[in-house]
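A quick write-up on the structure given underneath.
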There are 2 protein chains.
Amino acid sequence: MKTNIILISILIVAFLFTGIDKSYTQNFSGKKLVDLTHEFSEESVFWPTAENFNIDTVFAGITEKGYYYSAYQFSLAEHGGTHFDAPVHFCEKGQSVEQIPVERLIGDAVMVDVSADALANRDYLISIEDFEKWEKVNGKIPEDAFVLVNTGYSRFYPDKEKYMGTSERGAEAVAKLHFPGLDPKAATWLAVVRKVNAFGLDTPSIDYGQSVYFETHRNLFKNGVIAFENLTNLDKLPAKGATVFAFPMKIKGGSGAPLRMVAMIP
Amino acid sequence: MKTNIILISILIVAFLFTGIDKSYTQNFSGKKLVDLTHEFSEESVFWPTAENFNIDTVFAGITEKGYYYSAYQFSLAEHGGTHFDAPVHFCEKGQSVEQIPVERLIGDAVMVDVSADALANRDYLISIEDFEKWEKVNGKIPEDAFVLVNTGYSRFYPDKEKYMGTSERGAEAVAKLHFPGLDPKAATWLAVVRKVNAFGLDTPSIDYGQSVYFETHRNLFKNGVIAFENLTNLDKLPAKGATVFAFPMKIKGGSGAPLRMVAMIP
């Protein structure tokens, strides 16, 4: 009997160590990866006043030396497509992209789904009540969480009319923007009361389309929270339990940057 | 005695489960993160014939509405700074950046240090023997590994003269490039015999500076291997045991892209 217990203990320990050993291999013990990133192309969604993504062919074909070769060059504004917002975007003393420690780019995700309300109202403001409703089911939003909100608008990307209310370009188009965003009061609540690390969503801006003073950006960034915009596939995340990896291009002094973001689901 | 054994078993199991539970939180149970990425700035190292990284200020200051705001726009060639090479860079039927599944962007790293030889010879070719020497100590390079080679040249970045042999620009500068790279025979061996997933190093190109036909690129890419160039901090990785996250900007049709790469060390 004693031998059996020892044997079982050894087996349990061995099994668990096997699990740990595999947890960082490419199989991740059956963990599933979800890419939360839209492709960059000339279709990518940018703010009406910002430079779009443009790509030029440097060379694509057979070289005079006889082998195939292709290379491109490109240009864009920081704040378009799936991208990262650093605090300095709206806070003079805030960190720029390359100053955010890599430890802050990996963490536990909370996914709040407001798509039913947001799809019914293009000007929907994600509220403290939305987060409290989530907490009633899932428990308190943990400190340092990555709070991600699924508005459902990713399904319209990159159709600018449907996605953000207008496909027009230039300063006059800004007043025609209509898409959901985070209520500035909820921004302060997430930053100060819940002390989250990051906030992201599947619309062009964390402030809703009709914002004039961008107070959600300002409320988050003065508290050092980082942000992600134009995400996708948030509907594929569980309410909690996913780990996210949010890696921006490391632009020195950048107020934002193209972002590659991936979720790992247990 | 029996009770003790049961108690110890329970404690071991509880301890291990605690370890598992924390393995994907931001603390990663004491795992250390290392950023393998150089910053992008106008100092970044690009091929003598490629467009450099350029960044323009769109706005940085107090807006007429009374709050601080900053935003920039930038341009660059795909293959400069710390970047990703997709197989289509040198293989017409190869995958482009956005076609590489995210599952291939995370995996187990093998770090081979050739810095003593490479620092003594700017034209050093990393050979099959270098990998065999590593294998004698560490065991066979596993299938799907991320093979990373530390040449020691990252310490010179972004001093172009010291890093790649010349700071001159234009087509005539190419013949003056001198930096270590991977022997084309070793490229085939890694791709076909060891079936690795990825190869990366801390020089401007996986082919050495004096390469004319870029056979290392061609040998890896015709076999679907992906590559990373201008990495840094490789000297901080263990010979084995690190997990790496190699996330390129998701450029549709891209032959390469800016890369954010991070290693997690147990």
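General observations
- Some residue of segment A:95-107 being farther than 23 Å from A:Pro158 by Cβ, among the hydroxyl-bearing types (Ser, Thr, Tyr) and out of contact with any Asp or Glu (no Cβ under 6 Å at 6 or more places or on another chain): yes
- In segment B:224-256, of all residues being basic (Lys, Arg) and more than 13 Å from B:Glu98 (Cβ to Cβ), the one that is surrounded by the fewest Cβ atoms within 10 Å (Cβ to Cβ) corresponds to B:Lys236.
- Segment B:52-72, residues that are crowded, with 19+ Cβ neighbours inside 10 Å and closer than 29 Å to B:Gly200 by Cβ: B:Phe53, B:Tyr72
- In segment B:60-96, residue nearest to the other protein chains (Cβ to nearest Cβ) [restricted to those that are free of Cβ contacts under 8 Å to residues at least 12 places away in the same chain and touching a Lys or Arg at 6+ places or on another chain (Cβ under 9 Å)]: B:Tyr68
- Candidates A:Arg218, A:Arg194 - the one that is surrounded by fewer than 24 Cβ atoms within 10 Å (Cβ to Cβ), within 12 Å of chain B (Cβ to nearest Cβ) and touching a helix residue (DSSP H, G or I) at 6+ places or on another chain (Cβ under 9 Å): A:Arg218
- Any chance A:Ile106 is among the hydrophobic types (A, V, I, L, M, F, W, C), on the phi < 0 side of the Ramachandran plot and at the interface with another protein chain (Cβ under 10 Å from one of its Cβ atoms): yes
- Residue within segment B:153-165 that is acidic (Asp, Glu), at pLDDT 95 or above and under 20 Å from B:His38 (Cα atoms) present: yes
- Looking across segment A:114-123, just one residue is assigned to a loop (DSSP other than H, G, I, E, B) and in contact with a strand residue (DSSP E or B) (Cβ under 8 Å, 6 or more places away or on another chain), and that is A:Val114.
- Test result for A:Leu259, surrounded by 20 or more Cβ atoms within 10 Å (Cβ to Cβ), touching a residue at least 24 places away in the same chain (Cβ under 8 Å) and more than 12 Å from every other protein chain (Cβ to nearest Cβ): no
- Filter result for A:Ala50 (facing chain B (nearest Cβ under 10 Å), over 21 Å from B:Thr37 (Cβ atoms) and either free of Cβ contacts under 8 Å to residues at least 60 places away in the same chain or in contact with a Gly (Cβ under 8 Å, 6 or more places away or on another chain) (or both)): yes
Quick grid of which residues meet (1) more than 9 Å from chain B (Cβ to nearest Cβ); (2) closer than 23 Å to A:Asn223 by Cα:
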{"site": "A:Ile55", "(1), (2)": "no, no"}
{"site": "A:Leu125", "(1), (2)": "yes, yes"}
{"site": "A:Ile128", "(1), (2)": "yes, yes"}
{"site": "A:Lys136", "(1), (2)": "yes, no"}
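- Residue in segment B:82-94 that is farther than 25 Å from A:Thr49 by Cα, polar (S, T, N, Q) and crowded, with 20+ Cβ neighbours inside 10 Å present: yes
- Screening the candidates B:Val225, B:Val212, B:Val196 for the property of being aliphatic (A, V, I, L, M) and free of Cβ contacts under 8 Å to residues at least 12 places away in the same chain yields one hit, B:Val212.
- Selection over segment A:102-130 of residues that are over 17 Å from the mean Cα position of the chain (by Cα) and surrounded by fewer than 22 Cβ atoms within 10 Å (Cβ to Cβ) gives a count of 12.
- Residues of segment B:127-164 satisfying the condition of being under 13 Å from B:Ser205 (Cα atoms) and part of a loop (DSSP other than H, G, I, E, B): B:Thr151
- Residue list for segment B:227-244, restricted to those being out of contact with any Gly (no Cβ under 9 Å at 6 or more places or on another chain) and of a type outside the set (Ser, Thr, Tyr): B:Asn233, B:Lys236, B:Leu237, B:Pro238, B:Ala239, B:Gly241, B:Ala242
- The single condition from (1) over 21 Å from B:Pro258 (Cα atoms); (2) of a type in the set (A, V, I, L, M, F, W, C); (3) in contact with a Phe, Trp or Tyr (Cβ under 8 Å, 6 or more places away or on another chain) that B:Met111 fails is (3).
- Test: residue in segment B:172-188 that is over 18 Å from the mean Cα position of the chain (by Cα), more than 30 Å from A:Glu42 (Cα to Cα) and not in a helix (DSSP H, G or I): yes
The values are calculated or read from the model by the stated rules, or taken from the named source; none is laboratory data. This one's a predicted model, so the numbers in the text were calculated from it and none came from an experiment. As a convention, Cβ positions derive from the backbone with ideal geometry for all residues, glycine included, and neighbour counts pool all protein chains shown.
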